[in-house]
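Working notes for the structure below.
The values are calculated or read from the model by the stated rules, or taken from the named source; none is laboratory data. The structure presented is a predicted model; accordingly, all values stated were derived computationally and were not measured. Please note: Cβ atoms are built from the backbone with ideal geometry, for glycine as well, and neighbour counts cover all protein chains shown. Areas reflect the complete protein model, heavy atoms only, side chains present, ligands, DNA and RNA absent. Shrake-Rupley method; radii C 1.70, N 1.55, O 1.52, S 1.80 Å.
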Amino acid sequence: YMSYGIISQVQREQENFERLEETIKQSSAASDSVQPQATSETDAASSPYTALKERNPDFFGWISIEGTELNYPVMHTPKNGEYYLRRDFDGKDSQSGVPFLSASCYEGCGNYLIYGHNMKNGSMFATLLSYADRAYWEEHPIIRFDTLAASGEYKVLAAFYSEAYPQDAEGVFRYYQYTDVSDASVFEDYVDQVQKAALYDTGVIAVYGDELLTLSTCSYHTKNGRFVVVARKEESPQLG
């Protein structure tokens, strides 16, 4: 049961995100009119997001899944990992927070691990739980994640239930410890365990050198439950 006050607050927070998206569209349109043909991927990807980075240096990227409500900025605060758990884009108190990158991630870490709330109204990362259904994956196989450095489309590789395990639990797959997969054996171990945990086979495989995206949200199937979606970056066509 949510009180009217909380519902209207969450609604306001959603509207704030929509305004941020509008900012991107406007700066994107402005840059298009200045240069009809973007010369490099970096220019093309970074121009729309520069305004958000200037407004808040913690801004890292933008995540979206076409045809769903999932369409948000992603923050990164390496020194205080969960800073945006209950804060909005401008750092004010917030029920829904802002999706954020794991503190141990960095540009090019190989596996961008992003956390977001599972909100009862279907906002934030609530959409992810729909990936438990194979038919939903078939309709939404691509997750888009743009950073200031590059735009990217990621193909969903697996979806699975997990949990935040106690320290003393043995023989469990702590997916949240695999952010730096620059070592081949770590990468292969991660992908192997992801595929074992997967609820269904997507036919998508990942090999060492591929960039991964891991999205995590709360799930109520068990205490400290999590639902996780892992995706592999698509090769972008070379420009020029």
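Quick one: count up the residues across segment 125-147 that are touching a strand residue (DSSP E or B) at 6+ places or on another chain (Cβ under 7 Å) and closer than 30 Å to residue 182 by Cβ. Reasoning before the result, please.
Filtering segment 125-147 down to residues touching a strand residue (DSSP E or B) at 6+ places or on another chain (Cβ under 7 Å) leaves 125-126, 128-129, 131-132, 137, 141-147.
Subset that is closer than 30 Å to residue 182 by Cβ: 125, 128, 131, 137, 141-147.
Looking only at that region, the number is 11.
Rundown of residues vs (1) under 20 Å from residue 62 (Cα atoms); (2) in a helix (DSSP H, G or I); (3) touching a His at 6+ places or on another chain (Cβ under 7 Å); (4) open to solvent by 50 Å² or more (accessible area, probe 1.4 Å), yes/no style:
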site	(1), (2), (3), (4)
128	yes, yes, no, no
166	no, no, no, yes
195	no, yes, no, yes
222	no, no, no, yes
230	yes, no, no, no
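Suppose we keep only residues that are at pLDDT 95 or above and of a type in the set (D, E, K, R) within segment 130-152. Which one would you say is most open to solvent (accessible area, probe 1.4 Å)? Break it down stepwise before answering.
Looking only at segment 130-152, we keep the residues that are at pLDDT 95 or above, and these are 130-145.
Now drop any that are not of a type in the set (D, E, K, R), which leaves 133-134, 138-139, 144.
Values: 133: 84, 134: 101, 138: 109, 139: 135, 144: 84 Å².
Ranking the qualifying residues of segment 130-152, first place goes to 139.
Tell me which residues, restricted to segment 63-117, are assigned to a strand (DSSP E or B) and in contact with a Cys (Cβ under 8 Å, 6 or more places away or on another chain).
Within segment 63-117, the first condition is being assigned to a strand (DSSP E or B), and the residues that meet it are 63-64, 71-75, 87, 93, 100-101, 110-115.
Correct list: 111, 112, 113.
Among 155, 120, which is surrounded by fewer than 21 Cβ atoms within 10 Å (Cβ to Cβ), of a type in the set (Lys, Arg), in contact with a helix residue (DSSP H, G or I) (Cβ under 9 Å, 6 or more places away or on another chain) and not in a helix (DSSP H, G or I)?
On the way: 155 fails: in contact with a helix residue (DSSP H, G or I) (Cβ under 9 Å, 6 or more places away or on another chain).
After applying the criteria, what remains is 120.
Taking segment 168-186 only, how many residues are open to solvent by 30 Å² or more (accessible area, probe 1.4 Å) and outside any helix (DSSP H, G or I)?
Narrowing segment 168-186 to residues open to solvent by 30 Å² or more (accessible area, probe 1.4 Å): 168, 170-172, 174, 176-178, 180, 182-186.
Narrowing the set further to residues that are outside any helix (DSSP H, G or I) leaves 168, 170-172, 174, 178, 180, 182-183.
Residues in segment 168-186 being open to solvent by 30 Å² or more (accessible area, probe 1.4 Å) and outside any helix (DSSP H, G or I): 9 in total.
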Would you be able to tell me the number of residues in segment 79-117 that are free of Cβ contacts under 8 Å to residues at least 12 places away in the same chain and surrounded by 15 or more Cβ atoms within 10 Å (Cβ to Cβ)?
1
